[in-house]
Amino acid sequence: MNRYVLDASVAIKWFVAEVYSEAAQLLLIDGNTFLVPDFFFPEVGNVLWKRVRRGEDTQDNARQTLADLDTVPIEVYLSRPLMPLALDIAIQTDRAIYDVLYLALAITHNCQMVTADQKFYNAIVNSAYANNIVWVEDV
């Protein structure tokens, strides 16, 4: 069993058929534990809201996705203590605080962040933080 920081781009693929959904679902099979910053749930909720708004999903399915997410072993961490490190990373990598907070959590807990956000991954994989990020298909 491994511990991974999980970003919303991966978690949503557990419940919504998208590119890389199969790879994301493999994370659930291995009995991994997932760490997330506290704003992870609003991010997932925002994705679900957008899908309903665009007519890609129903409100009932969105609610069920939130309920299903509650069955996954997720450890939630406050984002405030991560902010100093996240700010440094954001400045160094020119990436948004929202994205680098996940990375700061991974660094703090000496594990890897799993992402399906190609732009973010590409920006980090060749940086000083490369050891703390992994592409969803490479776990």
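The values are calculated or read from the model by the stated rules, or taken from the named source; none is laboratory data. This structure is a prediction, so every number in the text was calculated from the model and none was measured. Cβ coordinates were reconstructed from backbone atoms using ideal geometry, including for glycine residues, and neighbour counts include every protein chain displayed.
Evaluate the following for A96: is it under 19 Å from W135 (Cα atoms), buried (at least 17 other Cβ atoms within 10 Å of the Cβ) and small (G, A, S)? Before the answer, list the steps.
Values: under 19 Å from W135 (Cα atoms): yes; buried (at least 17 other Cβ atoms within 10 Å of the Cβ): no; small (G, A, S): yes.
Here the answer is no, as A96 does not meet what is asked.
Scanning the range 25-46 for residues that are at pLDDT below 95 and either in a helix (DSSP H, G or I) or buried (at least 20 other Cβ atoms within 10 Å of the Cβ) (or both) yields Q25, L26, L27, L28, I29. When the range 1-24 is examined, which residues are found to be surrounded by 13 or more Cβ atoms within 10 Å (Cβ to Cβ), of a type in the set (A, V, I, L, M) and under 19 Å from N110 (Cβ atoms)? Correct list: V5, L6. W49 versus (1) closer than 19 Å to V114 by Cα; (2) free of Cβ contacts under 8 Å to residues at least 24 places away in the same chain: which is the lone unmet condition? The one condition W49 does not meet is (1).
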